[in-house]
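Undergrad: One structure, pasted below without further comment.
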Amino acid sequence: MKLKSKKVLAFVHTDFEDLELWYPIYRLREEGAEVVLAGEKKGETYIGKYGVPATSDMDFAEAVGMEFDALLVPGGWAPDKLRRFDEVLTITKRMDQEKKVIGEICHAGWVLISADILKGKKVTSTPGIKHDMINAGATWLDEPSVVDGHLISARRPPDLPDYMRDFIKVLSEQ
């Protein structure tokens, strides 16, 4: 139970990548962390790309005023929707400024790009947004999981074990 006292915020919206949301949530809960889902609307059920539902515990506006130890941004097509909410960008920027752990996988890099927090960072993502990440000022690496301080990134679902080992390690050391 390495993360017993930790509270993690996970963003959710329609068409999230099912494994990229649920695998991290379950791993973090196994380690004792409390994981809270924030969506556009509190109590809304969002459906993943492959049909797995996720119901938000709070809306983005409520999450802005709360303290969390870490942030999870799942991939899929949800990040393209998530980055359109000022509250999502505010939370992401604040977490970065406070050096709180931020995990992003696959297309989740779009949220970090829109939050303008990637300049000078080493990251990975799905190769499909490699150039977006580079154009945002990041150094893109083709590796299963990349750790750059408090930022942990991964490419796609097969990388989830490496990604979560790194995420849990970094979070447990904060």
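Values in this text are rule-based calculations from the coordinates and carry no lab data. Because the structure is predicted, anything quoted here is derived from the model rather than measured. Here Cβ is always computed from backbone atoms with ideal geometry, including for glycine, and neighbour counts include all displayed protein chains.
Undergrad: Of the beta bridges DSSP finds with both residues in the chain, what % are antiparallel, to the nearest 5?
TA: The antiparallel fraction comes to roughly 30 percent.
Undergrad: Using the Cα centre of the chain as the reference point, and only Cβ charges (+1 on K/R, -1 on D/E), how large is the resulting charge dipole? Debye, rounded to the nearest 20.
TA: Result for the chain is approximately 260 debye, rounded to the nearest 20.
Undergrad: Need the list of aspartates and glutamates near Lys93 for cross-linking: C-alpha distance under 12 angstrom, and skip anything on the same chain fewer than eight residues off.
TA: Within reach: Asp116.
Undergrad: Using alpha carbons only, how many angstrom separate the centre of region 103-127 from the centre of region 2-44?
TA: Between the Cα centres of region 103-127 and region 2-44 lies a distance of 18 Å.
Undergrad: Bins of 10 Å, beginning at zero and ending with the bin holding the largest distance: percent of Cα pairs per bin for region 72-128, please.
TA: The calculated distribution, bin by bin, is 25, 62, 13.
Undergrad: Enter the mean projected area of the convex hull around the alpha-carbon atoms of region 1-62, in nm², rounded to one decimal.
TA: Answer in nm², one decimal: 3.8.
Undergrad: Another question, if that's okay. Report the Stokes-Einstein translational diffusion coefficient (µm² s⁻¹, integer) for region 84-174, Rh taken as the Kirkwood radius over Cα pairs, at 37 °C with viscosity 0.692 mPa s.
TA: Taking Rh from Cα pairs, D becomes 256 µm²/s.
Undergrad: Can you list the aspartates and glutamates whose alpha carbon is less than 13 Å from that of Lys130, not counting same-chain residues fewer than 8 positions off?
TA: Straight-line reach from Lys130, under 13 Å: Asp142, Glu143.
Undergrad: Here is a further query. Taking Rh as the Kirkwood radius, which is the inverse of the mean 1/r over Cα pairs, what is the Rg/Rh value for region 99-147?
TA: Rg/Rh for region 99-147 comes to 0.90.
Undergrad: What lysines could a cross-link reach from Lys2, if we take a straight Cα to Cα line under 23 Å and drop same-chain neighbours fewer than 8 places away?
TA: Lys99, Lys100, Lys169
Undergrad: If N is the number of residues in region 42-89, what value comes out of its Cα radius of gyration divided by 2.2 N^0.38 Å?
TA: Numbers: Rg = 11.4 Å, N = 48, 2.2 N^0.38 = 9.6 Å.
With N residues counted in region 42-89, Rg over 2.2 N^0.38 Å equals 1.19.
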